[in-house]
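Before any comments, here is the structure.
The values are calculated or read from the model by the stated rules, or taken from the named source; none is laboratory data. Keep in mind the model is a prediction, meaning the values are calculated, not measured. Here the Cβ positions follow ideal geometry from the backbone for every residue, glycine too, while neighbour counts run over all protein chains shown. What goes into the accessible areas is simple: the full protein's heavy atoms, side chains included, and nothing from ligands, DNA or RNA. Shrake-Rupley method; radii C 1.70, N 1.55, O 1.52, S 1.80 Å.
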Amino acid sequence: MTMAHMKNPLATPDQIFHRSSLDSPPTELRDAIFFSTQCLTQAAGILLQLPQSVTAQANVLLARFWLIEPIMSHEFSDVSAATLYTVAKIGPCPCTPRDLSNVYAYLLSSSSTFLSPPGNNPPKNIPDDYYQSETSYQAFHSRILSLEHLILCSLSFDTTVSLPHPLAITYLQSMDFLYVPKEKITRRVVEYLNTALLSPQLLCLTTQPNGLAVAAIYNAAKDLGAKMPECEWWEVFDVDREDLGFLVVGMRSLEGWVGGMMGEEGVLGKKKRGGMITRKEVRDILGGDRPPQEEEEDPEVVMARRMDEKMREIEGDAA
Amino acid sequence: MSASESQEAAGRPQSPRSFAIAHQRPRSSFVGCSKIADYEVLGKLGEGTFGEVYRARSRKTGALVALKKIIMHNEKDGFPITALREIKLLKLLSHPNILRLEDMAVEHPPRSADKRKRPIMYMVTPYMDHDLSGLLDNPSVTLTEPQIKCYMQQLLQGLEYLHANRILHRDMKAANLLINNKGILQIADFGLARHYEGKTPQPGHGGGEGTRDYTALVVTRWYRPPELLMHLKRYTTSIDLWGVGCVFGEMLVGKPILTGESDGHQLELIWDLCGTPTIETMPGLKDLPGAEAMSPKPRQGNLGQRFREYGSGAISLLRELLKLDWRSRINAHDALQHPYFRNPPYPAKPEELPSFEESHEYDRKKYHEKRTVLPPAPRGGTVGRGPNNDGDGYRNSGGPGGRGYPRNNNNRNFGGPAPAPDERVPAWHRDTRLPPRPPPPADYGNGRDRAPRGGGGGNRQDVDTYIPSYDRDAPRRDDRRRDDRRDRGGPGDRRRGDYDDRTRSNRTRSRSRSPLPPRDRDRDRDRDRDRDRPPRDGPPHPR
């Protein structure tokens, strides 16, 4: 079991290959969705004051889930919220559905700066935008709970995620932090590891934690000009040269890719106000050649909304 | 390199990445759950912590399995966290003496049903023929010393593995120890288990020092160590070893050895057996919250006398396991080295053990409750069973060839048919006062749908005629609830990371409306309630 803490179930080549055939939007769009959603999870984790160890596990579970379920089958932000909720629940700091609902409502509102293009003025804060009525809360809550169930079933309840971060620290310690300031190199390593979570290349699903840890150390050492051992030190940590090479490039390439995507010609750059991408936008981009599937609304939710409206009318009359 | 390139690369053989992937060792990857249709459901076994348990056969492998249904009550917090925790732990464990979680199976509600209904989940584990509690109560079974040693060794090996992997079981008891007809014993029901912090037990140093607080509301009362009864929160793996001691004693005498009716009474029974605690026998006693109001009549403890007939080796090991001082209570590793296992008669090998008719705790309860009209046996002091009574009592209870009772006919009202007047009752009958019965075995229960197996079981039959009466213990339960309310909710406990309180309240909320009752009572009542109403849907329909 000690070893079990260091290993993850990985994606099979088949799963990765079939990802594109699962009624999926074109690769570029799909990758943009993936990246945005992972960023959304991170942002929500910060607002919910969850430790990064929890948020990062939610990132990995979400990536696993989308290998099994078509990316378009649920609203992206809901999947993000449901994975975060599930992971937080098992971990040391569960969050309440109410907090979750508030945080996601805020992040999805136009008042938040989430993924807003650089250079934009900060949006005006309009609390009404992200006020959650009882109706919308109930609807959110019920969507999250059914998604939680679906996620758990899809993953066969395998909710354990081994993160590379603790391993990377151990490796750094064993190498005396490559004789550069501890804080500096550790910070850089952690940055690389956190970035890898966002990678649409699914680095965290194709590589075991030890590989990610070694690659992050390699990149950080390069960035800081630290001197690495002359020998093939990565072999000590069970990583071979080829894997390392691939991971190093994969981790480094993400920044440029994000830049392109957020740029004027990029998928996300075209969104003027930034913010989270939605299924509706994706369908619009795809030219609406598919009729938008009307979501069947829960009759109870509809009823609750009608009652809310009625109440408002009554209150309005009274006023 | 863009992500899109890597995507293409996955399908291109010459890329180093796809080469690496193609040459990956086979690993458990994430595939979804099985469908319930992958299993042929053979019948209901009983009620577990989370819900009903069924016996089934895997259509893929042909293996017999137990399906444990996870009850979902459309809970506010989604999937029950206790179940999630148990599943997560079980998936990390792999040891011959730990029940293996083989699969999760999903049953989708029919399309026409309520849209908000979520699928039903089942935990799939290998099928085990007995639980130890049921086995001990099977009158045709008398454990021999080599057999007891064999089971004890397996129990300790499983526990040593758990503790070495930083897991506290927290619900050690005979009903949670499953045994199959190959002589293998496995520890089951991890619904209360959790990771612990701090050092793993070191040889020669008992359970060591606790490093942080956990909830004291764990372990079924009869198996609960004195320090927990006195609300120690900073406990260690040694709480599980106390339970092993209780199970060991239970195997020797054939019934639970410390059957307290309240927490206070439980402590009194412990002092009877082990002597009243002093600073020497239980260092740190004065610091225990529950020790303040306590002033027991000093006594020596009658352990040696009570277990005299089982020999000095057994007494010595029992003393080590039932040591009041939780810091020096023997750990699993050291217990395995105890001379008891090295002196003749030597432990049997599992494959040498006889096989028995299936027996589960669920059955046993039924038998005992059948006889609740009779006066209680003297409790605490009696050792051994009335050997001549047992067998007959059982065999007569069902009548030969008593099969063919309609299934699930145990849903009649309270005060239903009284036990047949001619039923004989063993003298040691003990359930008249309805103590906090250990909950039904989490995984298996009664075997009423099964044909009797060969192997010395006689023709005991499972009968569903008895309807127990519960009213009489109501006041006691209220006492208990008050007790436990006082215990609960230490400040800051919740955010601290031990979510048991929360967990428990979830479970409670989901299954009953009373405020946070203790686990065993909760289970008792739930079980009672379940008996008291029409059967649920019956076995799931294979689709």
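Overview of values
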item: Residues with amide H under 5 Å from that of A:M175, placed H, sequence gap 5 or more; result: none
item: Most to least accessible of A:M261, A:M307 (protein chains only, probe 1.4 Å); result: A:M307, A:M261
item: Heavy-atom accessible surface that A and B bury in contact, both chains counted, 1.4 Å, Å² to 100; result: 4700 Å²
item: Choice from A:V189, A:V258, A:V236 showing the highest fluctuation, given a GNM over chain A with Cα pairs closer than 10 Å; result: A:V236
item: Amide N proximity, the stretch B:262-291 versus B:S328 label position 7 Å along Cα-to-Cβ, cut-off under 15 Å; result: B:277-285
item: Cross-link table A:K7/B:K88; A:K7/B:K69; B:K173/B:K286; A:K124/A:K272; A:K182/A:K222, entries beyond 23 Å C-alpha to C-alpha; result: A:K7/B:K69; B:K173/B:K286
item: For A:C204, solvent-accessible area (1.4 Å; no DNA, RNA or ligand), Å²; result: 20 Å²
item: Highest average packing first - B:338-351, A:86-99, B:132-145, B:173-186, Cβ atoms within 10 Å; result: B:173-186, B:132-145, A:86-99, B:338-351
item: Selected from A:E264, A:E75, A:E232 as most flexible by GNM, with chain A as the system and alpha-carbon contacts under 10 Å; result: A:E232
item: Amide H within-cut-off set for B:G43, under 5 Å, with H built and near neighbours excluded; result: B:R55
item: Prolate/oblate/rounded label for the stretch A:1-134 (Cα gyration tensor, a/c 1.5); result: oblate
item: For residues of A:154-167, the mean tally of beta carbons on other chains within 10 Å; result: 4
item: Where the stretch A:165-262 is the region considered: accessible area per residue in Å², 1.4 Å probe; result: 45 Å²
item: Euclidean distance of C-alpha centroids, the stretch A:33-59 and the stretch A:104-174, integer Å; result: 5 Å
item: Percent accessible area from carbon and sulfur atoms, the stretch A:18-154, protein chains only, probe 1.4 Å; result: 55 percent
item: Within 10 Å of each Cβ in B:83-93, the average number of Cβ atoms from other chains; result: 4
item: Accessible surface ranking that places the most exposed of B:F79, A:F177 first, with a 1.4 angstrom probe; result: A:F177, B:F79
item: Helical contribution to [θ] at 222 nm, DSSP H n ≥ 4, -39,500 (n - 2.57), averaged over chain A, rounded to 500; result: -19000 deg cm²/dmol
item: Inter-chain shielding of A:142-150 (mean C-beta neighbours from other protein chains, 10 Å cut-off); result: 4
item: Backbone HN-Hα couplings from phi across the stretch A:192-201 [Karplus 6.51/-1.76/1.60, Hz, Gly and Pro as x]; result: 4, 5, 5, 5, 4, 5, 8, 5, x, 6
